[in-house]
1. Looking at region 22-58, which of its residues are of a type in the set (Phe, Trp, Tyr) and either more than 30 Å from Lys276 (Cβ to Cβ) or open to solvent by 30 Å² or more (accessible area, probe 1.4 Å) (or both)?
2. Does region 212-259 hold any residues that are of a type in the set (D, E, K, R) and either open to solvent by less than 40 Å² (accessible area, probe 1.4 Å) or assigned to a helix (DSSP H, G or I) (or both), and which are they?
3. With the checklist (1) closer than 20 Å to Gly263 by Cβ; (2) open to solvent by 40 Å² or more (accessible area, probe 1.4 Å); (3) within 20 Å of the chain's Cα centre (by Cα); (4) at pLDDT 90 or above in hand, flag the one item Arg209 doesn't pass.
4. Quick check: anything in region 262-277 hydrophobic (A, V, I, L, M, F, W, C) and modelled with pLDDT under 95?
5. When region 100-114 is examined, which residues are found to be over 15 Å from Pro83 (Cα atoms) and either hydrophobic (A, V, I, L, M, F, W, C) or open to solvent by 40 Å² or more (accessible area, probe 1.4 Å) (or both)?
6. Only one residue in Ala97, Ala117, Ala142 is crowded, with 23+ Cβ neighbours inside 10 Å and over 22 Å from Glu78 (Cα atoms), so which one is that?
7. Can you pull out the residues in region 1-25 that are within 13 Å of the chain's Cα centre (by Cα), of a type outside the set (A, V, I, L, M, F, W, C) and part of a helix (DSSP H, G or I)?
8. Being among the charged types (D, E, K, R), open to solvent by 50 Å² or more (accessible area, probe 1.4 Å) and free of Cβ contacts under 8 Å to residues at least 40 places away in the same chain is the filter here, so list the residues in region 59-77 that pass it.
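The values are calculated or read from the model by the stated rules, or taken from the named source; none is laboratory data. It should be emphasised that the depicted structure is a prediction, and the values quoted were computed from it without experimental measurement. Cβ sites come from the backbone with ideal geometry, for glycine too, and all protein chains shown count toward neighbours. Each accessible area value is taken on the protein alone, full model and side chains, heavy atoms only, with ligands, DNA and RNA left out. Shrake-Rupley method; radii C 1.70, N 1.55, O 1.52, S 1.80 Å.
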Amino acid sequence: MIDDPFVTHRSLLFTVAYEMLGSAADAEDVLQESWLRWADVDRSQVRDARAYLVRVVTRQALNRLRALSRSRLDYVGEWLPEPLLTSPDVAEDIELAESVSMAMLTVLETLGPTERAVFVLREVFDLSYNEIAGIIGKSSAAVRQVARRARDHVAARRPRVRVSRAEQQAVVDRFLAALRTGQLQDLLELMAPDVVLVADGGGVVAAARAPIHGIELVAPFLARAHQVVAGFTTRPIWLNGAPAGRIEFDGEPSALSLVVEDGKVTRVYVVRNPHKLTRLDEPSELVR
């Protein structure tokens, strides 16, 4: 069993599905469905097991994504990707870390299912246009056009600059310290004037149901957080390949991710939906 190609490439297959769906739970379902299909395959007819399995997982993820795109329209409040606890090693692969970041996964949510599949397979996993064409059932020329549209779409919405791990960690540490103490001035110094806060409670727990725009609103909102409950704690962790934070309200966890540009926080993502917080204790292995 441990020599089975599916087991060998499981981390890769999970990463493909997760980048397609933004949800670890849905990615696991896709892997289960793909495993059942793989179990019925005549292995003697498979020349490249890795490529074959990526094709199967991508097709299953596409089917799942098309169904989810409709159901997410009824989601209560803002929908954010499911955060994953990761080791610092993920950050060593800069392109992988960027592709699984909360900021990028949020941008990928604005793509259609086919565009997202093409972008992920081409830009993250470096598949050829011909390989992608075989997976999604389009011509190579059509895939090139889809890839160009997707790249332009993402480029217009992704963070403008990359920051070093050290800079991200320093900002996260200062941000968490300011949250713990409720120091409004420290938060004002850390955030860009046009900062946006997006929270995801899924209608299950209290969270802002619409994005909060501008430092004049975001900073006071965050500065009051430590006053909401007596048991308010913060600590740094690694989420989705980057320094981030874990916040607890009376023992109930939330995940905090920041986008930092030119030394200032431009986006604050807070996931509070408990159904999306099941991956904060054991690191997920993300590879490509």
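1. Trp35, Tyr52
2. Glu216, Arg246
3. Arg209 satisfies all of (1) closer than 20 Å to Gly263 by Cβ; (2) open to solvent by 40 Å² or more (accessible area, probe 1.4 Å); (3) within 20 Å of the chain's Cα centre (by Cα); (4) at pLDDT 90 or above except (1).
4. No, the conditions are met nowhere in region 262-277.
5. Once the filter is applied, which keeps residues that are over 15 Å from Pro83 (Cα atoms) and either hydrophobic (A, V, I, L, M, F, W, C) or open to solvent by 40 Å² or more (accessible area, probe 1.4 Å) (or both), region 100-114 yields Thr110, Leu111.
6. Of the residues listed, the single one that is crowded, with 23+ Cβ neighbours inside 10 Å and over 22 Å from Glu78 (Cα atoms) is Ala117.
7. Listed by number, the residues that qualify are Thr15, Tyr18, Glu19.
8. Arg70, Asp74
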